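Here the structure comes first, spelled out in structure tokens, and everything after it is commentary.
Every number in this text was worked out from the coordinates using simple rules, so none of it is lab data. Worth saying up front: this structure is predicted, and the values here are computed from it rather than measured. Positions of Cβ are generated from backbone atoms using ideal geometry, with glycine treated the same way; all protein chains shown enter the neighbour counts.
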Amino acid sequence: MSLLKDLKHQLFGLGVLARYGTFYPREVSLAETGHLIAVDPQDQRAWRKIILESVRGRVSTPMMFWRDHVARHRGGLYLDVGANYGECAAHGDYPAGYCIAVEANSNLIPYLEQTRQLHADRDRIVIANALVDREPAESASLWFAPIWTGGGSAVASAPGLSEVVVPAKTLQQIVESLPLTADAPLVMKMDVEGHEARALEGFPGLFERPAAVGILEFDTEMLGRAGSDPQAFFSELARHFEVYLTTRRSRTLMKLSGWRDLCEAAGSAHFHRDLVFARTRESICPGWLS
């Protein structure tokens, strides 16, 4: 970390102390909404990406996308897949419909449950502890670094990682557990460290829904490690949906016409970006498209 970044973190750390009365709060008020979220402050991801960002007033693009589109598509199904501490799930309001926070790391489930209890719409939030895949299995391994839980992956990519064993479920199984019709609007956020393509293979109902919109992480290296072909995955998305490239911390989307278009916009054939998919342009909130 550069000296300037280190100084900024120290200054914002003082802001954490001033706001919460401690450098290591266990409940955090999210920027824009004030909704509370429970975290482990010793987790560096939680401290930097949730605690520090709450003081800086920052909201990530997936969180902005989630809240805007949950509000637009009332009475729908809201899937936060790869929820981590549930910052997207906690950021929304659910007077109707249901939110499902899906998280494979069983160590994070107690925090997600605390966050659910802190939410005004707790009765419309469901927590699913499972690894999403193309097929169900009684047990599957997730590897993660305890000091940075956001990198949990079904593919062991480095030595020294911790392992938890959980059931593998398809998203189709998880969705069908709720009393919603197949034509209910669907809003999805997905960040499962390269398992995105495999997860959608296990959710054929997604491609049949008349109203579906989502944001997902698209990392060519991680997709490859999980045994998926990034270009083939993109082509399958583009066959069913309009696909857009996001802009960091901005409500700005760029329509993509094909794989070459995406690679040129990303600056390389190997990249890490967030993509938005939508059944129709009208599924996307006003203000996100020029």
Label-point separation (nm) for THR33 and ARG58, each offset 7 Å from Cα along Cα-to-Cβ? 1.9
For the chain, what number of Lys pairs, 8 or more residues apart or on separate chains, have alpha-carbon atoms under 20 Å from each other? 5
Taking 0.36 nm per intervening residue step and subtracting the Cα-Cα distance, what contour gain separates SER250 from HIS270 on full extension? 4.9 nm
The alpha-carbon center of the stretch 97-173 and that of the stretch 221-284 are separated, in whole Å, by 24
Would you compute, from DSSP H runs of 4+ residues alone, the mean residue ellipticity of the chain at 222 nm, taking -39500 (n - 2.57) per run and dividing by the full residue count, rounded to the nearest 500? -8000 deg cm²/dmol
Taking Cα atoms only, helix 109-118 is inclined relative to the longest principal axis of the chain by an angle, in degrees rounded to 10, of 80
At 7 Å along Cα-to-Cβ for each site, give me the label-to-label distance between LEU11 and SER141 in nm. 4.5
To the nearest 0.05, the calculated FRET efficiency linking ARG134 and SER106 through their beta-carbon distance, R0 being 30 Å, is 0.90
Compute the FRET efficiency between ASP183 and ALA71 as 1/(1 + (r/R0)^6), taking r as their Cβ-Cβ distance and R0 = 25 Å, and round to the nearest 0.05. 0.80
Within a 10 angstrom radius of the beta carbon, how do SER268, SER283 rank from fewest other beta carbons to most? SER268, SER283
Gain in span if fully extended, GLU208 to ARG48, counting 0.36 nm per residue against the direct Cα distance: 53.8 nm
Please report the antiparallel percentage of DSSP beta bridges with both residues in the chain, rounded to the nearest 5. 55
On full extension of the chain, what length is gained from SER257 through THR22, given 0.36 nm per residue of separation minus the C-alpha to C-alpha distance? 79.7 nm
